[in-house]
Structures are given as structure tokens and as C-alpha cells.
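In what follows, a single structure is set out as C-alpha cells and then discussed.
Please treat every number below as a calculation from the coordinates, not as lab data. A quick note: this is a predicted structure, and the numbers were derived from the prediction, not measured. We place every Cβ from the backbone using ideal geometry, glycine too, and count neighbours over all the protein chains shown.
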């Protein structure tokens, strides 16, 4: 049997400039949360299909798979592929053992492949219907019991609990239910797993829950309504909240999703998902979630109807370029001291740009390195005085293929303008990497 994956915790060190900003393992190693959205994984796939999916995502460098126990699309009434519904009589205190044995299999297989499961105990419509199927089945009392059941069942397993599920908290009853569920999870697993909350589009868990003791890190959903949504602004707001908590975009624009749910507007591409990832991470996010519109719903023509104009069978969609390109952002972030990364727009001299042209920058808190993301191939002027050391080494990192090319070395003084390698496409993005020469960092992304 492979060794168990390490437990995760929030990085805490009172003497460190980035205490409370990132996740680490119980061995103290940085953990990069690279999520994939597979909401219907437990509900719609066979074990063989789940294994195909998990192997693909592990091979592409993902670290977290986000999936829902009580699924969104009639997850209570429509059985899984083996004919089992999750609850008896829609009662959260009566889980169906046959259903959860299937969940167990997927969780264990994910662990063997080095993947954590970001498990939503339920989609949010079972607490606050608003739209969708529902029904609302939770009360504070049964939410606590259900949470304790899950906590005990998955104690010792590589789980991150994600409460919510695309719904806001609109009254005290909703808040009491989520508090009770979190309390049950803590009772069941002894507090060994991190907990966050997945809100609806355009919102963040911090709006209602930032000061809740059980909320370990904030998750926002920048959503699917437009291109060039400035998720960096949402990250920036959460980054500066007190007390300090890690933050991330847990549902940005999905690859192969119709823009604003209408194919007439076009479709989000690999460029859109890269842009959302680099913007969020350089604005201060600890990690990032990728999503593909066809995969979260496990769309399969002839077997189930497409939701919101899904157009690519999920097994084909596994190979869309955006998913493979996410490994490059992970590799880049981990190729420099991740726990020192701080957002710093003052690196950029002049206007950082608006909309698609917004340039985002971060550096090591010790000045040892900097990342500057250019979503379009335009020149950028950098204030080198924000960095450290006598001389700097510069690189261009290509987010599309993970390759880096050295620009050269030069004295660290004043300002310097950098022009990325030229292509004619406005959707040719680049990352400028600046390193203190004395640190002897490896090639970016290696």
C-alpha cells in the first residue's frame, strides 16, 4: 500500500512575513492547491470511468479534485450508476452505505494517485434552494449528525472539506446549518482536515464567514459571465482582511464554457483559464482551481443531456489544452520560494493596464525574485529597486508550454523595460521572471 498523503494545515510562523497566507503539509513543505472541478464525479461515473479521470488529472499535476457527495443535479433522487441514492428517505441522518462505498473507492483511489479530494458534503441547494432541484433537507441538528458521519468516515483520508456549493448565506438559519455541519465534521475527524466554503458567482466566503473559527481559508467564485473578469480584485480584498487567512479562486471561468451561458458570445478558451490563474496567484492566492464545463458535469452524448450548452464529451475534454497548461503555473510557483510570494504592483512602473491588458506582479518578500504576468505581449517597465542583490537574472516564461528562455544578467538599479518575444496574437501571454543572481535559482518551471 502506498504511504498516506500528509495532512494539510495553514502555514503559521509569527516571525514569517507570509504567516497565514499559504498551505503546507504536516511536514512543513509548501502545498500548492491545484484544483480541478469534478462536481458530479461521485454521482455520474462508474469506478472504471472515475479511475480514467483521476489518472488523467494526476498525470497533469493536479493536487485537489473538487467533488460533491450530495450532487447538484437531482443528487438525492437520481441514483448513481450502480442504482444507489445517498440518503434513505432524504434524511441526512440515514446515509446509504452502498452509495458511500462508491465514494470510498474514489477517495482511496485518488489517494493512491497522490490526489486530495475537496469534498462538498452537499450542494448548496439542499440548504438554500433558490434554483435547481433541491429539496432543502438540512436543519442545524441533522447537519451536525451528517457532518460527524462524514468526518468519522474519512478520518485519516486526504480530504479538504468545502461547505456551501454555489449558494449564498441569506439568513441566520442558513448560517446555523453550516456552522453545525462544520462542528460535526470537526467532531468526526478530530479537526484534522481543513474547511472552506464555496459561494455563488461573484462572491466570496469572506462575506459571511471570515471570522468563523472553523473557516481555514477563503474561497471565491469569480464565475463565468464575462471575459477578463478582474478576479485579482476579489483576491486582493480577501488578502487584506483581518485576521489573515489564505484565499483562492475556487471557480473561475471554465474552459469550453459559453461566455455568460450563451454560445452567441463565444466560448472560454485555454487563454481565459490561464489568465484567471496567473492573475489570482500573483494577487495573493495560495492556489487555484481549473474547471472545464464538460467535465464538471461529466457530459456524455446519448447518455445524459448537456447542461448549459456543453458541447464536448468529457473523455475528449480531458485533453483540452487549458488543463495541461495548469501544470506550468504550478511548476513556476514551486520553482521559487512559494511561502515568500507577496503581491506587489509597485514593481510595475506606470499604468498596469485595464481589462485584458492588466499586468499583475508579485515578488519574494525578501526581494529574491519577482513574477510579472503580461496577458498581452506588450513592453513592461519594472522598478528593480524593489528587489535585492547586486545583480539580477531575467527570464521569459511561456505559460502555454512551460518553457523558459534567459534574457540575461544586469545590475540591479533603477528601472528597466522588458519586451516579450513577439507573436502577433493578443492572446500570447508571458511571465517575466527576475531572480537575484546570488540565490542560484533553477530555471523557472523546472
Picked from segment 234-254 (must be over 23 Å from residue 353 (Cβ atoms), touching a residue at least 24 places away in the same chain (Cβ under 8 Å) and more than 14 Å from the chain's Cα centre (by Cα)), the residue surrounded by the fewest Cβ atoms within 10 Å (Cβ to Cβ) is 243
Restricting attention to segment 115-126, and to residues there that are outside any strand (DSSP E or B) and in contact with a helix residue (DSSP H, G or I) (Cβ under 6 Å, 6 or more places away or on another chain), which single residue is surrounded by the most Cβ atoms within 10 Å (Cβ to Cβ)? 121
What pairs can you find where one residue is in segment 389-415 and free of Cβ contacts under 8 Å to residues at least 24 places away in the same chain, the other is in a loop (DSSP other than H, G, I, E, B) and buried (at least 18 other Cβ atoms within 10 Å of the Cβ), and their Cβ atoms are less than 9 Å apart, with a gap of 6+ or different chains? 405/398
So in segment 135-166, with the set limited to residues that are in contact (Cβ under 8 Å) with a residue 12 or more places away in the chain and over 24 Å from residue 106 (Cβ atoms), which one is surrounded by the fewest Cβ atoms within 10 Å (Cβ to Cβ)? 135
Which numbered condition residue 389 misses (of (1) under 18 Å from residue 340 (Cβ atoms); (2) in contact with a helix residue (DSSP H, G or I) (Cβ under 8 Å, 6 or more places away or on another chain); (3) crowded, with 20+ Cβ neighbours inside 10 Å): (3)
Given the condition surrounded by fewer than 23 Cβ atoms within 10 Å (Cβ to Cβ), part of a loop (DSSP other than H, G, I, E, B) and in contact with a strand residue (DSSP E or B) (Cβ under 8 Å, 6 or more places away or on another chain), answer yes or no: does some residue in segment 83-99 qualify? yes
